[in-house]
1. Taking R0 as 51 Å, what FRET efficiency do you get between S150 and Y81 from their Cβ-Cβ distance, rounded to the nearest 0.05?
2. Can you give the relative contact order of segment 268-451 as a percent, counting alpha carbon pairs under 8 Å and 6+ residues apart?
3. Hey, which of these cross-link pairs are over 30 Å Cα-Cα: K310/K432; K334/K379; K133/K232; K111/K173; K111/K310; K328/K396?
4. Starting from the alpha-carbon convex hull of segment 268-451, give the projected area averaged over all orientations, in nm².
5. What FRET efficiency, computed as 1/(1 + (r/R0)^6) with R0 = 45 Å and r the Cβ-Cβ distance, is obtained for D73 and S301, rounded to the nearest 0.05?
6. Considering only the other residues whose Cβ falls under 10 Å of the Cβ of Y341, what net charge follows from Lys and Arg at +1 and Asp and Glu at -1?
7. Where the accessible area of segment 268-451 is counted over protein heavy atoms with a 1.4 Å probe, how much of it, in %, is carbon and sulfur?
8. S47 to N98: extension gain in nm, 0.36 nm per residue of separation minus the Cα-Cα distance?
Amino acid sequence: MDALFQLQTSVPSSMAKRPCPSQNPRIPTFTQMDLLLEAFLGLSDSSSICIDLSFERLLDSLPSDLDQTLLIDRALKMGTYLLEAGKRSARKRATKHNSVVWALPPDLTIKVFSMLDAQSLCFATATCSMFHKCAMDPSCYSNIDLTTVSPRVNNAVVSTMIHRAGNSLQSLKLGIVPGPTSSPGSCQPLVYNVSSFSWNDKRSRQGKESSVLTRSCLSPLGGASTPGMLLKTLHLYNIERMDSPSLRAALSACPSLLDLEIVGLHVELRQTLMSVIENCPLIERLFFESSKTGRDDSLKSPTCVDLVQKCPRLVSLALRGFKLHDYKVRILVKGLRRLKYVDFSTSYSITGSFLRNLGNNIGGNLLEVLILRDCMHLKEMEVARFMASLLAGDFKFLRHLDISNREGLASENDWYERCYNSSIIPIEQVMKERPDVCFLADFPSEGSYFEIEQMLESEVNSDVSLPTQLSSDTSDSMFISSSESSYNSDQGSGNEDGRDAGYVIFEESSDEVDYLAL
């Protein structure tokens with residue numbers, strides 16, 4: 001055993017010093033090496049004590065300490081070679097086994113992998129060489145979803161995924177999506193639970209971890225292979241370090257974008273809409289939720305006009321948490337003639353007057369969903385007029401109306417006075433005549449009046465965002481089915497020129513809100 005062990009440990013050193021076999025015929029042939037390695041591996045059946053004693057005797061037979069050190073190094077190197085060779089052979093055998101046993105051909109395997117989420121796809125990639133080869137196909141990365149409930153994804157991960165997708169990239173979703181308080185299948189509204197996941201918590205957590213998305217996380221979209229050229233869907237959630245210039249640069253690389261969803265980013269409404277107008281003429285769905293509820297008053301009327309003229313394909317529009325005025329909203333709803341879904345939840349200044357005489361026009365007549373939840377200034381009288389228009393036959397395609405308000409509706413003359421149980425809204429009549437419309441009107445119980453300071457504070461400092469999908473709440477809401485109607489009010493809409501006798505015109509402020517100042 002000692003002689004065999006000595007011969008084996010000396011082989012790597014002698015082989016390393018000699019030229020290739022074609023230049024030196026004295027080097028053992030592969031058959032000789034195979035036999036020698038087989039004999040050496042046969043020592044694995046011996047006990048570890050025997051191998052230790054044999055190795056010690058071999059060390060003692062060497063005259064100098066240097067020779068003993070070299071022998072130990074050779075033994076360690078040989079062990080490393082054998083370990084790597086064993087692992088490599090095991091992987092090859094596993095790949096061969098999988099290729100024989102795996103029932104699906106490569107094209108179907110790639111199709112299956114393209115349906116996996118990002119984490120499962122990474123696990124499949126690390127399984128074996130066959131799976132790795134299939135999982136590296138660009139079609140597997142056409143729909144990238146890297147949203148998490150805590151910071152775990154950094155720029156390097158995003159860049160790797162985008163480069164693997166190349167021009168096959170169709171959908172990209174990034175950021176932190178706080179877990180909902182109820183499951184998507186429940187009847188409770190989905191509400192972002194950000195009270196336990198505040199911006200300060202995220203800042204401290206991101207400061208301690210390397211898994212942070214920065215403003216450059218979308219820069220690979222405009223790389224050499226232009227992976228953003230065919231991108232259709234882009235969803236960004238609570239990427240705190242994203243700013244307006246970075247978002248503009250990302251949108252400029254996505255001229256084919258159809259679906260844009262932005263939640264909780266520190267970007268201004270007007271600048272974001274201008275970027276969409278300039279770069280995304282094919283946009284069909286725009287969902288934008290402010291990170292600072294009620295504070296962004298940056299939207300200007302010319303921007304609304306430009307959006308109507310240059311993005312005429314918009315079918316779904318949601319601007320939530322912004323300080324919108326009725327005449328600006330009317331420009332959007334009336335001008336975008338394909339609109340079917342409208343959501344202005346938590347918009348601070350909307351009174352509802354933009355809906356007057358809207359249902360009998362081309363613009364707004366195709367509305368199927370209208371959500372005005374928690375609009376602080378939404379007036380009871382405007383809701384009653386809208387319901388009367390439903391009874392009159394307008395909004396024939398409307399199927400969902402949500403005017404729920406946790407503070408109640410505002411009265412006609414003084415919004416300080418809140419209405420919790422309206423007697424002028426024809427609820428029962430609408431239920432009978434429009435059974436096809438789901439009407440959600442969830443208000444606090446009568447008498448649960450909030451002081452105005454509390455109302456303002458709740459609007460401005462609210463940490464609660466509303467859901468992206470429709471709520472199917474049936475417990476505390478009133479459901480009304482109704483058929484469309486139009487306003488026959490002799491007051492007119494009052495919105496064509498931005499003036500209305502029923503509400504006060506707020507002058508546009510030239511001051512732009514800086515959300516980057518922490």
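The values are calculated or read from the model by the stated rules, or taken from the named source; none is laboratory data. Treat the numbers as computed from the prediction; the structure is a model and nothing was measured. Here the Cβ positions follow ideal geometry from the backbone for every residue, glycine too, while neighbour counts run over all protein chains shown. Surface accessibility is based on the protein's heavy atoms, side chains included, excluding ligands, DNA and RNA. Shrake-Rupley method; radii C 1.70, N 1.55, O 1.52, S 1.80 Å.
1. Values: r = 43 Å, r/R0 = 0.84.
E between S150 and Y81, to the nearest 0.05, is 0.75.
2. Values: 384 pairs, mean separation 28.9, N = 184.
Computed value for segment 268-451: 16 percent relative contact order.
3. Values: K310/K432 41 Å; K334/K379 20 Å; K133/K232 26 Å; K111/K173 20 Å; K111/K310 37 Å; K328/K396 24 Å.
Result: K310/K432; K111/K310 exceed 30 Å.
4. Numbers: hull surface 40.3 nm².
So the mean shadow area of the Cα hull is 10.1 nm².
5. On the way: r = 79 Å, r/R0 = 1.76.
Efficiency, rounded to the nearest 0.05: 0.05.
6. Values: positive: R285, K340; negative: D343, E368.
Within the 10 Å Cβ shell, the charges total 0.
7. Working: 3200 of 6410 Å².
Result for segment 268-451: 50 percent of the exposed heavy-atom area is carbon or sulfur.
8. Details: separation 51, 0.36 × 51 = 18.36 nm, distance 3.47 nm.
Gain on stretching S47 to N98: 14.9 nm.
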